[in-house]
Amino acid sequence: MTNNINTAAVVGAGYMGGGIAQSLTFAGVAVQLADANPDLTKKAFERLLTESEKFEREGLFKPGSTVILKERLRPADSIESAVASVDFVHEAVPEVPEIKHDVLGRISRAVRSEAIVASNTSTLPISGLAEAFEDASRFLGVHFSNPAPFIPGVEVIPHAGTDESILAPVEDLLRRAGKVSARVKDSAGFVLNRLQYVLFKEAINIVEEGIASAEAIDEIVRTTFGFRLPFFGPFVIADMAGLDIYAACFKTFEGHYGERLAAPKILTDLVSQGKCGIKSGGGFLNISAEKSAELITYRNRAYRKLADLLTELGPAPTS
């Protein structure tokens with residue numbers, strides 16, 4: 001069994017796969033890079049070195065990062081040669097089921113039996129991709145976000161047949177790469193994209209209804225609830241605001257938009273039990289009322305520093 005991941009292959013050398021390869025080398029791992037053919041792989045390898053030099057100049061990568069890449073990253077002649085002797089394989093080819101099944105099939109036939117294989121799929125259920133393997137016990141989803149070197153969160157998605165012993169080595173690898181991982185169950189879209197796409201769909205509904213322009217919606221999201229999200233997830237935010245307030249707001253939504261925006265039963269059950277969030281010492285996360293003052297102090301400092309950072313950076317060049 002592979003208990004410590006020291007060597008890896010990234011299959012798919014586009015911006016997503018390339019960013020993952022960079023991240024893994026910075027975790028101290030020797031990485032083989034492979035794309036559809038050797039020419040594309042070599043071009044991607046050269047792009048990653050050039051990109052790293054640029055990031056160093058801009059202060060986005062630590063000094064010496066390009067030297068690390070040159071030492072630890074190698075372009076492979078083929079997918080098969082890239083994966084043949086490594087501890088960990090990360091597939092990052094386009095989000096097309098047929099392409100992924102074909103590539104994962106090639107990996108399954110060439111990889112060592114004790115190696116761990118992961119897919120970076122953003123929406124496809126892992127159980128379906130597992131069909132490319134005769135033995136899928138060492139296969140799972142490991143979903144980075146683009147740009148991989150800079151976004152810390154990674155979803156770790158075992159399927160029903162995943163051997164749980166492979167999860168700890170993968171999570172250790174991600175920690176060494178400076179990432180924050182969270183285990184989620186296998187389902188279409190997992191957590192990140194299921195939430196992201198629901199928000200996007202409702203934003204489109206608002207535009208179609210003539211309530212606000214796309215520009216106005218982006219500005220509101222960025223400067224209101226989106227301002228909270230670097231520090232708190234939706235459950236902490238709701239517990240801080242008060243679940244009874246959320247339940248009351250859902251009544252308004254249901255009256256205007258129908259069942260799709262009715263209060264979820266789990267929310268109304270908590271409120272009926274007197275669990276209204278931090279103020280009552282219990283909610284979704286059971287944060288004690290004694291933590292309220294400390295949490296508010298942290299919140300205020302965090303928002304102030306984010307506001308200062310945004311002022312320093314200036315507006316995004318979107319217009």
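Computed from the coordinates by the stated procedures, all read-outs in this text should not be read as laboratory data. Bear in mind that the values here come from a model prediction, so they are computed numbers and not experimental data. Cβ sites come from the backbone with ideal geometry, for glycine too, and all protein chains shown count toward neighbours.
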- Item | Dipole magnitude of region 224-313, debye to nearest 20 (Cβ charges: Lys/Arg +1, Asp/Glu -1, about Cα centre) | 100
- Item | Charge dipole (region 7-183, unit charges on Cβ, about Cα centre) - positive-most of Leu49, Pro158, Phe88 | Leu49
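Where the only charges are on Cβ atoms (+1 Lys, Arg; -1 Asp, Glu), what is the dipole of the chain about its Cα centre, to the nearest 20 debye?
The dipole of the chain has a size of about 840 debye.
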- Counting lysine pairs in region 1-151 that sit 8 or more positions apart or on different chains, with Cα atoms under 20 Å apart, gives 7
- Within region 249-319, how many lysine pairs that are 8 or more places apart, or on different chains, have C-alpha atoms less than 24 Å apart? 8
- Item | the chain: angle of helix 38-57 to the longest principal axis, Cα-based, in degrees nearest 10 | 50
- Per the Kirkwood formula over distinct C-alpha pairs, the hydrodynamic radius of region 45-141 in angstrom is 15.0
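Quick one: of the DSSP bridges fully inside the chain, what percent are antiparallel, nearest 5? Don't skip to the end; give the middle numbers.
On the way: 5 of 28 bridges.
Percentage antiparallel, nearest 5: 20.
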- Message: Let me understand the chain better: what is its radius of gyration from the alpha carbons, and its Dmax, in angstrom?
- Response: 22.5, 64
- Sorting Ile79, Ser288, Ser108 by the position of each Cα along the dipole of the chain (Lys, Arg +1; Asp, Glu -1; all at Cβ), the one nearest the positive end of that ordering is Ser288
- Order these peptides, 159-166, 278-285, by their mean beta-carbon neighbour count within 10 angstrom, highest first. 278-285, 159-166
- Message: Could you sort the peptides 45-51, 210-216, 287-293, 138-144 by per-residue average Cβ neighbour count (10 Å cutoff), highest mean leading?
- Response: 138-144, 45-51, 287-293, 210-216
- Note on the structure: region 224-313, Kirkwood Rh and Cα Rg, ratio Rg/Rh at 1.06
- Query: Roughly how many nanometres apart are two label points built 7 Å out from the Cα toward the Cβ at Lys279 and Leu229?
  - Reply: 2.6
- Order the peptides 7-17, 192-202 from the highest to the lowest mean number of other Cβ atoms within 10 Å of their residues. 7-17, 192-202
- Query: Hey, how many Å between the Cα centroid of region 78-94 and the Cα centroid of region 231-284?
  - Reply: 45
